[in-house]
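What follows is a set of notes on a single structure, which appears directly below.
The values are calculated or read from the model by the stated rules, or taken from the named source; none is laboratory data. Since the model is a prediction, treat every value here as computed from it, not as a measurement. All Cβ positions, glycine included, derive from the backbone under ideal geometry; neighbour counts span all protein chains shown. Keep in mind that these areas ignore ligands, DNA and RNA; they rest on the heavy atoms of the full protein, side chains included. Shrake-Rupley method; radii C 1.70, N 1.55, O 1.52, S 1.80 Å.
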Amino acid sequence: MRTQVIKPRIREILSKELPPGLVKLLPKRWVKIGDVILLPLRPELEPYKCRIARVYAEVIGAKAVLRKGHIHGETRKPDYELLYGQDTITVHVENGIKYKLDVARIMFSPANVKERVRMASIAKPDELVVDMFAGIGHLSLPIAVHCKARVIAIEKDPYTFKFLVENIHLNKVQDRMTAYNMDNRDFPGENIADRILMGYVVKTHEFIPKALEIAKDEAIIHYHNTVPEKLMPREPFETFRRMAKEHGYEVEKLNELRIKRYAPGVWHVVLDLRVYKT
């Protein structure tokens, strides 16, 4: 998935159809996920949005164009407007992984690509990895495919879960990756995981007690959350360490990475933590 720069052919076609002042407002960049385009569009271009989308699709080679919007709710649903085409289900290939998804209804962040690639070399084949917020397998498919580790993938949303199951078969890892359609807080496993993925944001700290319950002694937890820049680097580690201590665990911070800017003055970060039972 790449963010790409406007092609001269797009500008050439639309400069003959749009008022001169609007041509300079055409989006210079877009994201292509499989054969679906995410296109940011200024309000001034509203009357011409469908024509603009068609031209981008035809020049770039896409079956559908979505107007980029916001992500909402507990299960991180996108709020995108369909401008061109009908079918928004696609297969996106990245780092040797096939991700099937409905781009209109399931979040797939371009900015998280480095973390997805990092996961492809993070685990050992003898590990049991639990992905508490699996989605379509964003972070856990690279572990199953490239690291050959065993993976338990938990996804709450039924529609997203359907694609998770398809992706397990599409990538031929059904022998070592098992999916559960449930709230991870209802998952019955205790003291089983060598490694835990917590790829969620904003409210991830609410799930720390469950992660500790699933974790073996000395397990590694990849803890994602959002944090105001003014609280870094103290947070989010201090919150995790405090909650872990309340549940009888000590925590060692192995690594901390910034994934992307989440909002003005707020970062999405990931901490690699090792937890020890006291």
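Counting heavy atoms of the protein chains only and a 1.4 Å probe, report the per residue accessible area for the stretch 34-103 as a whole number of Å². Walk me through the numbers before you get to the answer.
Details: 3260 Å² over 70 residues.
Ligands and nucleic acids excluded, the result is 47 Å² per residue.
Residues whose amide H lies under 5 Å from that of A179, counting only those 5 or more places away or on a different chain, are A153; hydrogens are built 1.01 Å from N in the peptide plane. Of the chymotrypsin sites (Phe, Trp or Tyr not before Pro) found in the stretch 161-262, not one falls in a DSSP loop while having at most 13 other beta-carbon atoms within 10 Å. Surface composition of the stretch 131-278: carbon and sulfur make up 51 percent of the accessible area, probe 1.4 Å.
Taken per residue, the accessible surface of the stretch 143-244 reaches 43 Å², heavy atoms only and a 1.4 Å probe. For the stretch 166-278, what does the alpha-carbon gyration tensor say about shape, rounded, prolate or oblate, given a ≥ b ≥ c as the root eigenvalues, a/c under 1.5 as rounded, and a/b over b/c as prolate? Verdict is oblate for the stretch 166-278. Which of rounded, prolate, oblate describes the stretch 61-187, given a ≥ b ≥ c as roots of the alpha-carbon gyration tensor eigenvalues and a/c under 1.5 marking rounded, otherwise prolate only if a/b is larger than b/c? Here the stretch 61-187 falls in the prolate category.
The loop-placed GluC sites (Glu not before Pro) in the stretch 186-278, going by DSSP, that have at most 16 neighbouring Cβ atoms within 10 Å of their Cβ come out as E190. Listed by chain and number, the lysines placed with their C-alpha closer than 25 angstrom to that of K230 are K114, K203, K245, K253, K260; residues fewer than eight positions away on the same chain are left out.
Given axes a ≥ b ≥ c from the Cα gyration tensor, I'd like to know whether the chain is rounded (a/c under 1.5), prolate (a/b larger than b/c) or oblate. The shape class here is prolate. Extension gain, I89 to K148, is 18.5 nm, computed as 0.36 nm per intervening residue step minus the present C-alpha separation. Taking R0 as 25 Å, what FRET efficiency do you get between L231 and E46 from their Cβ-Cβ distance, rounded to the nearest 0.05? According to the calculation, E is roughly 0.05. Considering only alpha-carbon pairs that sit under 8 angstrom and 6 or more positions apart, the relative contact order computed for the chain is 11 percent.
Please identify every one of the GluC sites (Glu not before Pro) in the stretch 10-56 that sits in a loop by DSSP and has no more than 16 other beta carbons within 10 Å of its own beta carbon.
Numbers: sites: E12, E17, E44; in loops: E17.
Qualifying residues, ordered by number: E17.
Once the chain from V113 to I192 is taken as fully extended at 0.36 nm per residue, the excess over their C-alpha distance is 25.6 nm. With a 1.4 Å probe rolled over the protein heavy atoms of all chains, the accessible area of S121, S15 falls in the order S121, S15, largest first.
Farthest towards the positive end of the charge dipole of the stretch 194-278, among the residues G199, A219, H247, is the Cα of G199, using unit charges on the Cβ of Lys, Arg, Asp and Glu.
Over the residues of the chain, the helix contribution to mean residue ellipticity at 222 nm works out to -6000 deg cm²/dmol, using -39500 (n - 2.57) for each DSSP H run of at least 4. Estimated from the Cβ-Cβ distance and a Förster radius of 30 angstrom, the FRET efficiency linking E17 and E81 is about 0.90.
Can you give the extra length, in nm with one decimal, that the chain gains between E218 and K24 once fully stretched, where that is 0.36 nm per residue apart less the Cα-Cα distance?
Details: separation 194, 0.36 × 194 = 69.84 nm, distance 5.53 nm.
Contour length minus Cα-Cα distance gives 64.3 nm.
Residues whose amide H lies under 5 Å from that of H92, counting only those 5 or more places away or on a different chain, are Y99, K100, L101; hydrogens are built 1.01 Å from N in the peptide plane. If you roll a 1.4 Å probe over the stretch 11-87 with all protein chains in place, what percent of the accessible area is carbon or sulfur? Ligands and nucleic acids excluded, carbon and sulfur give 51 percent.
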